[in-house]
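Written below as structure tokens is the structure these notes are about.
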Amino acid sequence: MAWAAGSAFPQQEDTARSQVPAEEAAPPDVEDPWQILEDKEAMAWAAGSAFPQQEDTARSQVPAEEAALPDVEEDPWGEDSSWAQAIDEDPWRLQEERQNKERAELAALASSPFAKTPRETGGMRNQRVSDDLPIEALRSDIVRAVRAQRVTILVGATGCGKSTRLPQFLMNEPGAQVLVTQPRRVAAVEIARRVASERGERIGQNVGYRISGETVLGSGKLQFATIGYVLTWFLAKPEHFGHFTHVIIDEVHERAADMEMFLLLTKLLMYFFERPKVVLMSATLQPAEFGRYFSDFDAGQSLSVPGRTFPVQEPGT
């Protein structure tokens, strides 16, 4: 009966539906939210595909002059900006070009028939100034005394030319190799350059110098060095003392530890090496004291070189 009753329910439901009015029998459909979203996306894609057509239509309406302008991003520095050019240029290439230009100019000057050599310009000018120094009058006496004795003592007033001219007197001797000591490195370098300029040659040709951290030898005929450098040098390699024909100790009057040690070392080395001749010179030294110190090597009579004075006139007289 239950199954029979169940089978009778559909017939009753269909009968009830047939009795409902048409408006109530067909309720309105509910919108699907996913379908709405898909419809909106489709509309958006459709609108996007229409933009290029609108853009082409707008471009077609632009005047010909404006349409011909290239679409280039504006350079904030400007095409002719020197700053932008400086950034693009290679600094190493610029330096090389500048050096090549200077070399070309120097080569052109040297090849010119009117070009003058250093001896004809600055060298000869310095030579003429040095020829007027008081020491030039005693040149033959000084060279003769150095040849005759192992130790020569020279008292030269300031400005007589002993520091620049005496080394040149001795370097002109046959087979000479002269070493000149100075108490300070600035004096050693500057006097070496001055002597090279007077001879009309560049530093490092026949005139060089030795200081801590820098050495310019050249041919070795004339070398300037500081007391500290030579002291360390001869203590490490005393045999190098015998390579020189003349050792000139300038400003020997200075009472410093390096000077005292170097005088002691020089005296000891002179017992083992007979070749070098020693010249002691200063403006204020005591010749008798140094003569007794080197008495074992027949130090002769000291030489004296006067200075040069200039007239001074007081203002208003």
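The values are calculated or read from the model by the stated rules, or taken from the named source; none is laboratory data. A quick note: this is a predicted structure, and the numbers were derived from the prediction, not measured. FYI the Cβ positions are ideal-geometry reconstructions off the backbone, even for glycines, and counts take in every protein chain you see.
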Quiz item: Would it be correct to say that Pro311 is under 45 Å from the mean Cα position of the chain (by Cα), without any contact (Cβ under 8 Å) to a residue 24 or more places away in the chain and loosely packed, with under 14 Cβ neighbours inside 10 Å?
Solution: yes
Self-check item: Test set (1) among the charged types (D, E, K, R); (2) in contact (Cβ under 8 Å) with a residue 24 or more places away in the chain; (3) surrounded by fewer than 18 Cβ atoms within 10 Å (Cβ to Cβ) - Lys277 fails condition number
Solution: (3)
Quiz item: Taking the condition in contact with a Ser or Thr (Cβ under 7 Å, 6 or more places away or on another chain) and not aliphatic (A, V, I, L, M), does Gly159 pass?
Solution: no
Self-check item: Residue identified as surrounded by fewer than 17 Cβ atoms within 10 Å (Cβ to Cβ), polar (S, T, N, Q) and not in a loop (DSSP other than H, G, I, E, B) among Ser304, Ser219
Solution: Ser304
Quiz item: Within the range 147-195, which residues are more than 21 Å from Leu285 (Cα to Cα), assigned to a helix (DSSP H, G or I) and in contact with a Leu (Cβ under 9 Å, 6 or more places away or on another chain)?
Solution: Gln168, Leu170, Met171, Ala192, Val195
Exercise. Go through the range 144-188 and count every residue that is surrounded by fewer than 21 Cβ atoms within 10 Å (Cβ to Cβ), among the charged types (D, E, K, R) and farther than 18 Å from Ile227 by Cβ.
Key: 4
Quiz item: Residues of the range 226-277 being farther than 21 Å from Gly208 by Cα and not hydrophobic (A, V, I, L, M, F, W, C), which ones?
Solution: His253, Glu254, Arg255, Asp258, Glu260, Thr266, Lys267, Tyr271, Glu274, Arg275
Quiz item: Restricting to the range 280-295, what's the tally of residues that are out of contact with any helix residue (DSSP H, G or I) (no Cβ under 9 Å at 6 or more places or on another chain) and either surrounded by fewer than 16 Cβ atoms within 10 Å (Cβ to Cβ) or in a strand (DSSP E or B) (or both)?
Solution: 6
Exercise. Pairs only if they're at least six apart or on different chains, beta carbon under 8 angstrom, first in the range 136-163 and over 14 Å from Phe297 (Cα atoms), second assigned to a helix (DSSP H, G or I) and among the hydroxyl-bearing types (Ser, Thr, Tyr); list them, first residue then second.
Key: Glu136/Ser130; Gly161/Ser130
Self-check item: Residues that are without any contact (Cβ under 8 Å) to a residue 12 or more places away in the chain and either over 16 Å from Asp258 (Cα atoms) or surrounded by 14 or more Cβ atoms within 10 Å (Cβ to Cβ) (or both), drawn from the range 222-238
Solution: Lys237
Quiz item: Would you say Gly204 is small (Gly, Ala, Ser), surrounded by fewer than 19 Cβ atoms within 10 Å (Cβ to Cβ), touching a residue at least 12 places away in the same chain (Cβ under 8 Å) and in contact with a Gly (Cβ under 9 Å, 6 or more places away or on another chain)?
Solution: yes
Quiz item: Does the range 182-201 include one or more residues that are in contact with a helix residue (DSSP H, G or I) (Cβ under 6 Å, 6 or more places away or on another chain), charged (D, E, K, R) and at pLDDT 70 or above?
Solution: yes
